[in-house]
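Everything below concerns the one structure shown next.
The values are calculated or read from the model by the stated rules, or taken from the named source; none is laboratory data. Everything numeric here is computed off the predicted structure, so don't read it as measured data. Methodologically, a virtual Cβ is constructed for each residue, glycine included, from the backbone with ideal geometry; neighbour enumeration extends over all protein chains shown. In case anyone asks, the SASA skips ligands and DNA or RNA and just uses the protein heavy atoms, side chains included. Shrake-Rupley method; radii C 1.70, N 1.55, O 1.52, S 1.80 Å.
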Amino acid sequence: MRIYNSLTRRKEEFTPLEKGKVKMYACGITVSGEAHIGHGYQALIYDIMRKYLEKKGYSVTYARNYTDVDDKIIAKSKETGIPAEKYAAQMIENINAVMKEFDVDEPALWLKATENIQNIIDFISELIKKGHAYPAANGDVYFNVSSFKRYGCLSNRSVEDMLDGVRVENDELKKSPADFALWKAAKEGEICWNSPWGKGRPGWHIECSAMNRAAFGDQIDIHGGGRDLIFPHHENEIAQSESLTGKQFAKYWTHNGLIKVNGQKMSKSLGNSLLLSDLLKKYSNEAIKFALLQNNYRGDINITDNLFPEAEKHLTDFYSVIKAAEDKFGKSACANGENERIDDKFNACMDEDFNAALALSELFSLFKSVSAKIQKGDKTAADDVSQIRKTYALLGIFKKDAEEYLKEVAAKNPAEIPAEIEELAKARWQAKQNKNWAQADSLRTQIDAMGYTIKDGKDSFTIIKK
RNA sequence: GGCGUCAUAGCCAAGCGGUAAGGCAAGGGUCUGCAAAACCCUGAUUCCCCAGUUCAAAUCUGGGUGGCGCCUCCA
């Protein structure tokens, strides 16, 4: 299988450092607020990556982190009066609950900054010893960027270029504006830990380096995160880890694309974040996943008004076919069959840098064929349904009971038909029975104008909200 | 200013050197009193532009143009 490596900017054949094993780390969330769809997307992507690597037979150790101490969390703590540790803990609980509802599995290891303070301090001390970092007069500790020759290798920048772009005045404490903080001295009343440089807390970048080292050793196979983290976060991780160990930190760097809303980037600073919890009220978790996975994970996704409704419609159609198959051939028949070709094709898609979008597009012809088989009474349709469910569960879809799924979606979109519409529709049906077409059509036009569509059956009709 | 990334039909989108998947929308048909739904059929002689490499390029190289992003917290 091949994976796109941000470091080399090309797809590479995947070979782990140690045969059969994969060490994988994805940067998680700074818990200063609720989880938005971007967080959900990132968690989903790496959960799928982990699961697919496992399907390929690798023994995968997957770790994610929670940054549970930082400026924003401290600010929130001051704002709400809740101690920073408590605020962060509550947020983590909240985020975990939403992720569970979104149906993303937890990693094998959850790493938290506050539980790794000693590891971080040790890491920084070693960097100072090796001349890659220096303490400043106020108790901050900075990384000496000029001491790491390859600085910029991931984002393809040179230190000189960066200095051109520096917007903030260099403060007196740093030797160079490009240097970044490993340890931040605590201000009065802030959450802090003792260190050789006085009371303070870790900087953001050092966490990931130190926790990775504590969990995995010097090297890992796959490091992931959102594309917005390439610079400076991941660049700094490389600088810290590699100047300490002298070894390549991560063999494959992967970055997922970002979410845009109606063409505009979604970010904390713009305040246009779509909360995962809000979306889950409107759409099924599977529809949200389906919509997101229709794009390559490396590209940005633009969320427009019809993105999720369209996905929900596709899934409703697919589940309806599943239900039809179950009704015809029995539920157990639709749960125990196999069809290797379906699975092989899926694997072929995923082998090419986790091409879930291509795998999903297969579903349309797959279900078309199942539908035709049901019509003909061909029992292999049951095997197909069973295989589709087993295979695509990896992407997080078709995991539910068909009937329950259809009910769930209906419940999220309550089709409350106003009594008025009901009356008009009944009147129309009566007119139709009397073959008074002119009156029937006029009533239907009226109903249509009010936002409802009439669907006639053989001896009854249904009203659908448009 | 520096760097990155993307550019495929009305829209979304796959494609990773071998002759343009899929979805939505649209048009035509079957069905229907007429519709709706469902089902069937139809769509780029061509992949932003200009050069180049090659037997062969949407795919590789060089140069443009345009969008987006990063260089400040961000998944």
Return the lysines within reach of A:K149: Cα separation strictly under 17 angstrom, same-chain partners fewer than 8 residues apart disregarded; answer none if there are no such residues.
A:K130, A:K175, A:K247
Share of Cα-Cα pairs in chain A beyond 36 Å, whole percent, is 41
Extreme residue, positive dipole direction of chain A, given options A:L307, A:A324, A:N347 (C-beta unit charges):
A:A324
So which lysines can A:K78 reach, going by Cα to Cα under 27 Å and dropping same-chain residues fewer than 8 places off?
A:K86, A:K112, A:K184, A:K187, A:K199, A:K268
For region A:1-60, what are the per-bin percents of Cα-Cα distances with bins 5 Å wide, up to the bin holding the maximum?
4, 15, 20, 24, 18, 10, 7, 2
Which entries of A:K373/A:K458; A:K289/A:K399; A:K407/A:K455; A:K282/A:K331 have Cα-Cα distances beyond 18 Å here?
A:K373/A:K458; A:K407/A:K455; A:K282/A:K331
Semi-axis lengths (Å, descending) of the ellipsoid that matches the C-alpha gyration tensor of region A:310-466
39, 18, 13
Sequence gap at least 6, Cα distance under 8 Å: using those rules, report the relative contact order of chain A to the nearest whole percent.
15
Rounded to the nearest 20 Debye, what is the dipole magnitude of region A:71-211 about its Cα centre when Lys and Arg each give +1 and Asp and Glu each give -1 at the C-beta?
380
What does the accessible area per residue of chain A come to in Å², with a 1.4 Å probe and no ligands, DNA or RNA counted?
47
If we count every other residue with Cβ under 13 angstrom of A:Y62's Cβ, Lys/Arg +1 and Asp/Glu -1, where does the sum land?
0
Using every alpha carbon pair in region A:260-330, what percent of pairs falls into each 5 Å bin from 0 up to the bin containing the largest distance?
3, 15, 19, 23, 16, 9, 6, 4, 3, 1, 0
Got the relative contact order for region A:154-290 handy, in percent, Cα pairs under 8 Å and 6 or more residues apart?
17
P(r) for region A:72-182, please, calculated from all Cα pair distances in 10 Å bins and given in %.
11, 27, 30, 26, 6
Helical contribution to [θ] at 222 nm, DSSP H n ≥ 4, -39,500 (n - 2.57), averaged over chain A, rounded to 500
-15000 deg cm²/dmol
Computed about the Cα centre, the charge dipole of region A:386-465 from +1 Lys/Arg and -1 Asp/Glu charges at the Cβ has a magnitude in debye, to the nearest 20, of 360
Enumerate the aspartates and glutamates that A:K251 could reach by cross-link, defined here as Cα to Cα under 17 Å, with residues fewer than 8 away along the same chain left out.
A:E12, A:E13, A:E18, A:D218, A:D221, A:E235, A:E237, A:E242, A:D353
Of every hundred units of 1.4 Å-probe accessible area on region A:1-68, the number belonging to carbon and sulfur atoms, as a percent, is 45
Quick one: compute the contact order of region A:27-181, relative version, from alpha carbon pairs under 8 angstrom and 6+ residues apart, as a percent.
20
Considering only DSSP beta bridges with both partners in chain A, what is the antiparallel share in %, to the nearest 5?
50
Suppose every Lys and Arg Cβ carries +1 and every Asp and Glu Cβ carries -1, with no other charges. What dipole size does chain A come out with about its Cα centre, to the nearest 20 debye?
700
Work from the charge dipole of region A:39-166 (Cβ charges, +1 for Lys and Arg, -1 for Asp and Glu, about the Cα centre) and give the residue of A:G57, A:I73, A:A136 farthest towards its positive end.
A:G57
How many percent of the accessible area of region A:416-466 is carbon or sulfur, using a 1.4 Å probe?
50
